[in-house]
Amino acid sequence: MAQLTETDFSQFKLRVNIKTSIENAYRAWTTAAGLKAWFLGGLVFADENGNPRPDDSPAQVNDSYTCYSANKPGVMLITGKVLKVNGKDVFSFTFSKGCPVTITIYSEQNETIVELIESNLPTDEETIRRHYVGDSKGWIFYLTNLKSVLEGGLDLRNRNEDIKNVITH
């Protein structure tokens, strides 16, 4: 009989393979224009003085970011801070509960892999239920949408705010 191992609820890792270059995948994460194409909705990066970066300008360490609803552009969803950028394949930022999300992009079997690790999650029951499970479900959708958009496919996000409780957010 196989022995069950205890799940580490303090982090999760997700990977998606995408038929695109590492450079394209990196731009999709590190520029507001790239993120707007597949992520939550509107997004603004701002430098340490609060000055917004142009949409096609890469985020820098210590930049802040603000995400807005895709269906309600004036509604702020989340804010955070850029923790790490290396200009080629690693990008890290704070997300829900201020926990770091690290994106690493690399080649495997002639495809580009985007790996996401959300870490330092609190392990109380509410956080496990809401963030470990909820965030991982959300990231699964958005990584799928990233793949679709970068491979020349459709933007899978639900744009009809009257339709609720669908997997397309």
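Holding the Cα-Cα limit at 18 Å, pick out from LYS36/LYS97; LYS72/LYS164; LYS19/LYS147; LYS81/LYS164; LYS36/LYS72; LYS13/LYS137 the pairs that are longer than that. Going by Cα-Cα distance, LYS36/LYS97; LYS81/LYS164 fall outside the 18 Å limit. Using the rule -39500 (n - 2.57) for each DSSP H run of four or more residues, divided by the residues of the chain, the 222 nm mean residue ellipticity is -5500 deg cm²/dmol.
Take the chain with all the other protein chains still there, run a 1.4 Å probe, and you get 57 Å² of accessible area per residue. Would you kindly state the longest site-free stretch of the chain, with sites defined as GluC sites (Glu not before Pro) in a DSSP loop (not H, G, I, E, B) surrounded by at most 16 other Cβ atoms within 10 Å? Formally, the longest exposed-site-free interval is 49-150. What you get for the stretch 34-103, charging only the Cβ of Lys and Arg (+1) and of Asp and Glu (-1), is a dipole of about 240 debye around the Cα centre. Here Rg and Dmax of the Cα atoms in Å was computed from the coordinates, and among (i) 15.0, 45; (ii) 16.2, 59; (iii) 15.7, 53 the match is (ii). Rounded to the nearest 20, the size of the Cβ-charge dipole of the chain about its Cα centre is 300 debye, with Lys and Arg at +1 and Asp and Glu at -1.
Protection proxy ranking for 136-143, 37-44, using the average of other Cβ atoms within 10 Å per residue and placing the highest first: 37-44, 136-143. For the chain, a Gaussian network of Cα nodes joined below 10 Å ranks LYS19, LYS36, LYS72 by mean-square fluctuation, and the top entry is LYS72.
The values are calculated or read from the model by the stated rules, or taken from the named source; none is laboratory data. The model shown is predicted, which means the values in this text are computed figures rather than measured ones. FYI the Cβ positions are ideal-geometry reconstructions off the backbone, even for glycines, and counts take in every protein chain you see. These accessible areas exclude ligands, DNA and RNA; they are computed on the full protein's heavy atoms, side chains included. Shrake-Rupley method; radii C 1.70, N 1.55, O 1.52, S 1.80 Å.
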